[in-house]
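The values are calculated or read from the model by the stated rules, or taken from the named source; none is laboratory data. Treat the numbers as computed from the prediction; the structure is a model and nothing was measured. Please note: Cβ atoms are built from the backbone with ideal geometry, for glycine as well, and neighbour counts cover all protein chains shown. Keep in mind that these areas ignore ligands, DNA and RNA; they rest on the heavy atoms of the full protein, side chains included. Shrake-Rupley method; radii C 1.70, N 1.55, O 1.52, S 1.80 Å.
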Amino acid sequence: MKTENYIVDKLQPIDSNQLYQFMSDNKERLKLFFPVTLEMNSSLEKTEAYISIKNKEIEEKTNFTFAIRDKKNHQIGGLIIIKKIDWDKNQGEFAYCIGSELEGKGVTSFAVKEMINFAFEELGLKTIQIISHKTNFGSVKVAENNGFVWQKTLQNEFTPTNETPLDMELYELYIEK
């Protein structure tokens, strides 16, 4: 598998069936850290609304949600999001998820690299954060592969649905000044 066979691009209304299927197929692996996204895609109708909402957020420059997809067949293999954008600080946070069949193949690292360029060059952000649980080895590796540096442990940063709060690890990448 070659990462050049993948692209990162905007979700389109025509993607609703495929995105819904991706969420359904990966429900177990996404339920801990992506409960809101899963809920927003828990039916085809909700997925249609989700894509519309996400495209409106791009227009408003509040969040940027993109598909990670195969160049040839346009299959969605994951999502990558720039969220929690603070325009005063020129800072944003990456979130990403990948389907189990693409895990460990470099596709997420590729997508993060693409989004780093977009965040710094197109959006003018100066700092990008990745917040991951220490047991999410794939996510930590993606951060480190892209030059993000561990900053600190955030106490009780994330509370999964019906669970106790989790400490999360903060990684950051700064644009050269």
For the chain, what log10 I(q)/I(0) values come out of the Debye formula at q = 0.08, 0.09, 0.16 1/Å, with one point per alpha carbon and no solvent? -0.23, -0.29, -1.01
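Mind checking the alpha-carbon convex hull of the stretch 17-64 and giving the volume per residue in Å³? Working shown, then result.
Numbers: hull volume 3.2 nm³, N = 48.
Value for the stretch 17-64: 67 Å³ per residue.
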Net charge near THR161 (other residues with Cβ under 11 Å of its Cβ; Lys, Arg +1; Asp, Glu -1) is -1
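Can you tell me what the convex hull of the Cα atoms of the stretch 124-175 projects to on average, as an area in nm²?
Numbers: hull surface 16.3 nm².
Average projection, Cα convex hull of the stretch 124-175: 4.1 nm².
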Along principal axes, Cα extents of the stretch 40-116, largest first, whole Å: 38, 31, 20
Mind grabbing the accessible area of LYS10 for me, 1.4 Å probe, Å², rounded to tens? 80 Å²
Label-point separation in nm, SER42 to PHE158, each point 7 Å along Cα→Cβ: 2.0 nm
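Per the helix-only calculation at 222 nm, which mean residue ellipticity applies to the chain, given -39500 (n - 2.57) for every DSSP H run of n ≥ 4 and division by its residues, nearest 500 deg cm²/dmol? Could you put the intermediate results ahead of the total?
Numbers: 6 runs with 57 residues, N = 177.
-9500 deg cm²/dmol, from helical runs alone.
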Spin-label proximity, ASN17 to the stretch 59-75 - amide N less than 15 Å from point 7 Å beyond Cα toward beta carbon: 74-75
What does the extension gain come out to for ASN55 and ASP25, with contour length at 0.36 nm per residue minus their alpha carbon separation? 8.5 nm
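Rounded to the nearest percent, how much of the accessible area of the stretch 1-102 (1.4 Å probe, protein heavy atoms only) is carbon and sulfur?
Heavy-atom surface of the stretch 1-102 belonging to carbon and sulfur, 1.4 Å probe: 51 percent.
If a/c stays under 1.5 just call it rounded; otherwise compare a/b with b/c (prolate if a/b is bigger, oblate if not). Do that for the stretch 76-164, with a ≥ b ≥ c from the square roots of the Cα gyration tensor eigenvalues.
It is oblate, given that a/c is not under 1.5 and a/b is not larger than b/c.
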Of all DSSP beta bridges located in the stretch 1-158, what percent are antiparallel, nearest 5? 80 percent
List the residues of the stretch 95-138 whose backbone N lies under 15 Å from a point placed 7 Å from the Cα of ASP167 along the Cα-to-Cβ direction. 132-136
Could you check the simple spin-label distance between LYS10 and THR62, using points 7 Å along Cα→Cβ, in nm with one decimal? 1.7 nm
